[in-house]
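The values are calculated or read from the model by the stated rules, or taken from the named source; none is laboratory data. Computed from a predicted structure; not experimentally measured. Note that each Cβ is placed from the backbone with ideal geometry, even for glycine, and that neighbours are counted across all protein chains shown. Ligands, DNA and RNA are excluded from the accessible area calculation, which covers all protein heavy atoms including side chains. Shrake-Rupley method; radii C 1.70, N 1.55, O 1.52, S 1.80 Å.
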Amino acid sequence: MKRPLPSLEDLLRILRTTYTKRMPKAPPPVKKQVQPLLKSLQTRFEQMDDGTGKLKNRWTEIVGEFLSKLCEPVRIIKGRAASNKLGAGPATGGALELRVANSTHATLILHHAPTLIDRINLFLGSKTVERLRIIQGPLAVHSKAPPIARPKPLSAQQELGLQQSLSDVEDEKVRKSLLLLGRSILKRHNMKTP
């Protein structure tokens with residue numbers, strides 16, 4: 001049985017009721033919203049990676065003061081599994097990517113490569129790094145905090161003068177507290193004057 005087509009008024013009523021809502025806008029791209037969060041997480045958890053973060057933190061201890069000023073670790077490139085007729089074999093050691101400032105430093109690093117690889121493998125584990133890959137670029141600037149100035153001890157004259165000035169204080173507890181305070185003030189004064 002055929003259904004009759006709706007009349008013109010019924011058609012307009014149907015269209016008004018079903019197509020009155022606008023389509024919602026597409027949400028903004030997630031990448032733009034999440035990118036700052038990902039960058040902050042990457043910097044925070046960089047130390048927990050495959051070994052590069054550990055290397056960066058202790059680079060001076062591993063390679064020495066001189067070589068640590070010439071190069072810095074960038075990343076560890078994992079070795080691929082060796083393929084043979086029987087299938088995939090054991091994975092070979094990876095490569096450590098080092099950034100150096102110029103070609104002179106690169107030559108010096110290549111000269112010390114076997115020693116560096118041994119030291120790095122001693123730190124990360126056997127056969128982790130088998131070769132070095134050197135790239136040129138600016139090194140990260142590491143600002144080293146100046147050493148903390150230790151106060152010089154008081155001279156015998158200063159100590160004697162301090163004790164004599166506090167000799168008329170009767171309460172033992174107060175005298176000890178004032179003596180400590182006086183020593184710290186005099187030490188601080190000694191640090192400021194050469």
Inset, instruction - In whole Hz, with x marking every Gly and Pro, tabulate ³J(HN,Hα) for the stretch 64-73 from phi via Karplus 6.51 cos²θ - 1.76 cosθ + 1.60, θ = phi - 60°. - result: x, 4, 5, 6, 5, 7, 8, 8, 8, x
Legend entry - In order through the stretch 98-114: 3J(HN,Hα) via Karplus (6.51 cos²θ - 1.76 cosθ + 1.60), integer Hz, x for Gly, Pro: 10, 9, 10, 6, 8, 5, 5, 5, 4, 5, 5, 5, 5, 5, 8, 4, x
Legend entry - Segment Ile185-Arg13, length gained on full extension (0.36 nm per residue, minus Cα span): 52.8 nm
Legend entry - Calculated FRET value between Leu38 and Lys192, using beta carbons and R₀ = 30 Å, to 0.05: 0.05
Legend entry - Helix axis angle, 172-192 relative to the chain longest principal axis, alpha carbon, degrees: 80
Legend entry - the chain - share of DSSP beta bridges that are antiparallel (%, nearest 5): 55
Inset, instruction - Give me the percent of the accessible area of the chain that comes from carbon and sulfur atoms, probe 1.4 Å, all protein chains in place. - result: 59
Legend entry - Degrees separating the helix 156-165 axis from the principal Cα axis of the chain, which is the longest one: 90
Legend entry - Nearest 10 degrees, 0 to 90: helix 30-44 Cα axis against the chain principal axis: 30
Legend entry - Where the chain is the region considered: accessible area per residue in Å², 1.4 Å probe: 83
